[in-house]
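Novice: Let me begin by handing over the structure; questions about it come next.
The values are calculated or read from the model by the stated rules, or taken from the named source; none is laboratory data. All of these numbers come straight from a predicted model, not from anything done at the bench. Note that each Cβ is placed from the backbone with ideal geometry, even for glycine, and that neighbours are counted across all protein chains shown. Just so you know, the surface numbers come from the protein's heavy atoms only, side chains and all, with ligands and any DNA or RNA stripped out. Shrake-Rupley method; radii C 1.70, N 1.55, O 1.52, S 1.80 Å.
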Amino acid sequence: TNVCDLECIHCAHRIIKKEKKYKPNFMKFEVFKKIIDEVKNYNISLLRIASDGEGLLHKELIKFIGYAVASGVKPINLTTNGMRMTKEVSEKLIDSGLDMIDISIDAYNAETYRRIRVGGILETVIKNINKLIELKHKKKSPMKIFVSFVHQKENIDEVESFKKFWE
């Protein structure tokens, strides 16, 4: 999708969606199916679900992941901002067979997060990640969970605090 619920200062999406020709769009399952049917015959290193928007806003995301898993396409990675990763969504992601999830955070302090990930709430994302970790252990899932941090002038003094917190 090219739809996102945040306006991160380092992302082109916030500029793109202001263009006259911008139109919110969600990939159709038939298109995703065609892509998977083509790549399943190759030895791919990673199917990365990420682009110009927030994948968790797509109503059929779990269906997409399920089709890729059933087709033997592995490993599958989802990049998300984590705002929509409720307990219910986290359970579905774990149960879908998703191999990796990368949650983009980019800050250690809540105020820095609000300035960088405009529209997001760090406390919500941390709560969602902790619930995901808890469910992963409860379900004995092999899914890998990553957090990421884009170095930029607004957060450069938080790199070590971020690493220490998440390690």
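Novice: If a cysteine in the chain has no other Cys Cβ under 4.7 Å from its own Cβ, put it on the list, ordered by number.
Specialist: Cys4, each lacking another Cys Cβ under 4.7 Å.
Novice: On a C-alpha basis, how far is the centre of region 37-57 from the centre of region 153-167 in Å? Whole number, if you could?
Specialist: What the calculation gives is 29 Å, centre to centre.
Novice: Need the full-extension length gain, Ser45 to Lys92, defined as separation in residues times 0.36 nm minus the C-alpha distance. One decimal, nm.
Specialist: Here the segment from Ser45 to Lys92 would lengthen by 14.6 nm.
Novice: Follow-up question, since we're still on this one. Convert each backbone phi in region 95-110 into a coupling constant with the Karplus relation 6.51 cos²θ - 1.76 cosθ + 1.60 (shift: θ = phi - 60°), then list the ³J(HN,Hα) values in order as whole Hz, x for Gly and Pro.
Specialist: The phi angles translate into 5, 6, x, 4, 8, 9, 9, 10, 9, 7, 10, 6, 7, 9, 8, 4 Hz.
Novice: Is region 19-97 rounded, prolate or oblate when judged by the Cα gyration tensor, a ≥ b ≥ c being the square roots of its eigenvalues, rounded requiring a/c under 1.5 and prolate requiring a/b larger than b/c? Working shown, then result.
Specialist: Numbers: a/c = 1.89, a/b = 1.16, b/c = 1.63.
Oblate, because a/c is 1.5 or more while a/b does not exceed b/c.
Novice: Running a GNM on the chain with Cα contacts under 10 Å, which residue among Leu132, Leu57, Leu46 ends up with the highest mean-square fluctuation?
Specialist: Judging by the Gaussian network model, the answer is Leu46.
Novice: Region 1-109: which chymotrypsin sites (Phe, Trp or Tyr not before Pro) are DSSP loop and have at most 13 other beta-carbon atoms within 10 angstrom?
Specialist: Of the chymotrypsin sites (Phe, Trp or Tyr not before Pro), the ones in loops of region 1-109 whose Cβ has at most 13 other Cβ atoms within 10 Å are Tyr22, Tyr42.
Novice: To continue, here is another question. By the gyration tensor of its Cα atoms, with a ≥ b ≥ c the square roots of the eigenvalues, what is the shape of region 121-167: rounded for a/c under 1.5, prolate for a/b over b/c, or oblate?
Specialist: The shape class here is prolate.
Novice: Give me the percent of the accessible area of region 6-136 that comes from carbon and sulfur atoms, probe 1.4 Å, all protein chains in place. Show your work: numbers first, answer last.
Specialist: On the way: 3810 of 7140 Å².
For region 6-136, the apolar C and S fraction of the accessible surface comes to 53 percent.
Novice: Sticking with this structure for a sec: Which label belongs to the value computed from this structure, given these candidates for semi-axes √(5λ) of the Cα gyration tensor in Å: [x] 27, 21, 14; [y] 46, 16, 14; [z] 31, 24, 16?
Specialist: [x]
Novice: Along the Cα→Cβ direction, 7 angstrom out, place labels at Glu123 and Val150. What is the inter-label distance in nm?
Specialist: 2.6
Novice: Shifting gears a bit: Kindly report the accessible area of region 14-136 per residue (heavy atoms of protein chains, probe 1.4 Å, no ligands, DNA or RNA), in Å².
Specialist: Per residue, region 14-136 has 55 Å² of solvent-accessible surface.
Novice: Given a 10 angstrom Cα cut-off, can you work out which residue in Asn41, Asn109, Asn77 is the most mobile in a GNM of the chain?
Specialist: Between Asn41, Asn109, Asn77, it is Asn41 that shows the largest mean-square fluctuation.
Novice: Can I ask one more? Trypsin sites (Lys or Arg not before Pro) within region 1-76: which are DSSP loop residues with at most 10 other Cβ atoms inside 10 Å?
Specialist: For trypsin sites (Lys or Arg not before Pro) across region 1-76 that sit outside H, G, I, E and B with at most 10 neighbouring Cβ atoms in 10 Å, the list reads Lys18, Lys20, Lys21, Lys28, Lys59.
Novice: Same structure again: Given the options Ile126, Ile94, Ile103, state which has the largest fluctuation in a GNM of the chain using a 10 Å cut-off (strictly under) for Cα springs.
Specialist: Among Ile126, Ile94, Ile103, the largest mean-square fluctuation in the Gaussian network model of the chain belongs to Ile126.
Novice: Another question about this same structure. Take the alpha-carbon centre of region 86-143, take the same for region 63-85, and report the distance between them in whole Å.
Specialist: 14
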